[in-house]
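The values are calculated or read from the model by the stated rules, or taken from the named source; none is laboratory data. As the structure is a computational prediction, the values presented were derived from the model and not from experiment. Here Cβ is always computed from backbone atoms with ideal geometry, including for glycine, and neighbour counts include all displayed protein chains. All accessible areas refer to the heavy atoms of the entire protein, side chains included, with ligands and DNA or RNA removed. Shrake-Rupley method; radii C 1.70, N 1.55, O 1.52, S 1.80 Å.
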Amino acid sequence: MSNTHSIFGFHAITSRLRQNPDSVQEIFLDSTRRDQRVRDLTKLAETQGVRIILCDEKRLVALSGSNFHQGVVANIDITRNHIDIEDVLETLTEPALLLVLDGVQDPHNLGACLRVADAFGAHAVIAPKDRAVGLNATVHKVASGAADVVPYIAVTNLTRTLRELKKQGIWIIGTSADAVTDLGSLKLDGPIAWVFGAEGEGMRRLTRDTCDQLISIPMLGSTESLNVSVSAGICLFETRRQERDKKIRID
């Protein structure tokens, strides 16, 4: 398996240059563009010592695998941003808030989940190495920089990882449409890992059985289910809301 992946889009590449410049091997730019956005990116790349290669539209499409590359593609070394869950937990000064995705395979959903995780201060996103999309170029584009600031941890055995988290006092909460307890009646306190299943299929049985608690999100309309990133946003927001309200009561 190659250690080099491509990412594309100005926001994703600018964020990578600022957050993890050593991982950027080279940047390919549309040779016909002379606008301010290109000038700003070129200046940043030169400051970080990253080589710029001018090329045509055909090569950019081939490198990115997309027609929506915005005229810029970068090759990144994925070995330069390896991190594991212990690295994250050891640095926390507050209760852990983790987002666990069991087999999300749509890159747009993963990218949106990373944005949600960043927005609500989740400390990491955890997913299995198999049956999951991973951090490809589309994920980076959709995440709009969140993929470079929220640790994404791919694990070999998700069930084992959840059990290890439980041993460290982290409450594992799974989401399921048929759960008896709904989100509004749940008291959220302390270290929490929210678990969401794949598109359409939900959590695998072993993942579901490993959860400490299963909850449902109250649905008032005709829609039977929500996109995984929307569900994650609701649950992470509710966690932070209860945390804020608790601090207000204490103060």
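Dividing the Cα convex hull volume of the stretch 1-121 by residue count, how many Å³ per residue is that?
So the per-residue hull volume is 142 Å³.
Top mean-square fluctuation among Ile153, Ile52, Ile126, Gaussian network model of the chain, C-alpha springs under 10 Å?
Comparing Ile153, Ile52, Ile126 in the GNM, the peak value goes to Ile52.
Obtain the nm distance between the two label points defined at Asn3 and Asp245 by a simple spin-label model: each point lies 7 Å from its Cα along the Cα-to-C-beta direction.
Going from the Asn3 label point to the Asp245 one covers 4.9 nm.
Based on the alpha-carbon gyration tensor of the stretch 115-251 and its eigenvalue square roots a ≥ b ≥ c, which shape applies: rounded if a/c is under 1.5, prolate if not and a/b is larger than b/c, or oblate?
rounded
Probe radius 1.4 Å, ligands and nucleic acids ignored: give me the carbon and sulfur share of the accessible area of the chain as a rounded percent.
Result for the chain: 48 percent of the exposed heavy-atom area is carbon or sulfur.
Could you compute the FRET efficiency for Ile52 and Val149, with r as their C-beta to C-beta distance and R0 at 30 Å, rounded to 0.05?
Calculated value: 0.80.
In square angstrom, what is the accessible area per residue of the stretch 176-251 with a 1.4 angstrom probe?
Heavy-atom SASA per residue in the stretch 176-251 reads 60 Å².
Count charges around Asp30 for me, please; just the other residues with Cβ under 9 Å from its Cβ, Lys/Arg as +1, Asp/Glu as -1.
Taking every other residue near Asp30 into account, the sum is -1.
Once you sort the root eigenvalues of the Cα gyration tensor of the stretch 136-193 as a ≥ b ≥ c, which label holds: rounded (a/c under 1.5), prolate (a/b larger than b/c) or oblate (the other case)?
Details: a/c = 2.08, a/b = 1.50, b/c = 1.38.
Because a/c hits 1.5 or more and a/b exceeds b/c, the stretch 136-193 counts as prolate.
Report the Cα-based extents of the chain along its three principal axes, largest first, to the nearest Å.
58, 41, 35
So with the 1.4 Å probe, I'd like the accessible area per residue for the stretch 1-51, rounded to whole Å².
57 Å²
What's the FRET efficiency of Leu206 with Gln25 using the Cβ-Cβ distance as r and R₀ = 45 Å, to the nearest 0.05?
Calculated transfer efficiency: 0.75.
Taking 0.36 nm per residue of separation and subtracting the Cα-Cα distance, what length does fully extending Ala177 through Val230 add? The partial results should precede the final answer.
Numbers: separation 53, 0.36 × 53 = 19.08 nm, distance 1.41 nm.
Gain in length upon complete extension: 17.7 nm.
Counting DSSP beta bridges with both partners in the chain, what percentage is antiparallel, nearest 5?
Of all bridge pairs located within the chain, approximately 30 percent are antiparallel.
So which residue, out of Asp30, Asp182, Asp40, gets the largest mean-square fluctuation from a GNM of the chain using Cα contacts under 10 Å as springs?
Among Asp30, Asp182, Asp40, the largest mean-square fluctuation in the Gaussian network model of the chain belongs to Asp40.
Tell me, which longest segment in the chain has none of the GluC sites (Glu not before Pro) that fall in DSSP loops with at most 16 further Cβ atoms within 10 Å?
The segment 91-198 is the longest one with no such site.
Just tell me, in residue order, which DSSP H segments of the chain are both 20 angstrom or longer along the helix axis (alpha-carbon based) and at least -0.5 in mean Kyte-Doolittle hydropathy.
228-250
What does the highest-first list of 155-162, 107-114 look like by mean Cβ count within 10 Å?
Ranking, from highest mean packing down: 107-114, 155-162.
Please report the relative contact order for the chain, taking Cα pairs under 8 Å with a sequence separation of at least 6, and give it as a percent rounded to a whole number.
Over the chain, the number comes to 20 percent.
If you find the alpha carbon centre of the stretch 12-80 and of the stretch 185-212, how far apart are they in angstrom?
37 Å
Provide the gained length on full extension for the span Ser185 to Phe237, in nm with one decimal, where the gain is 0.36 nm per separating residue minus the Cα-Cα distance.
17.3 nm
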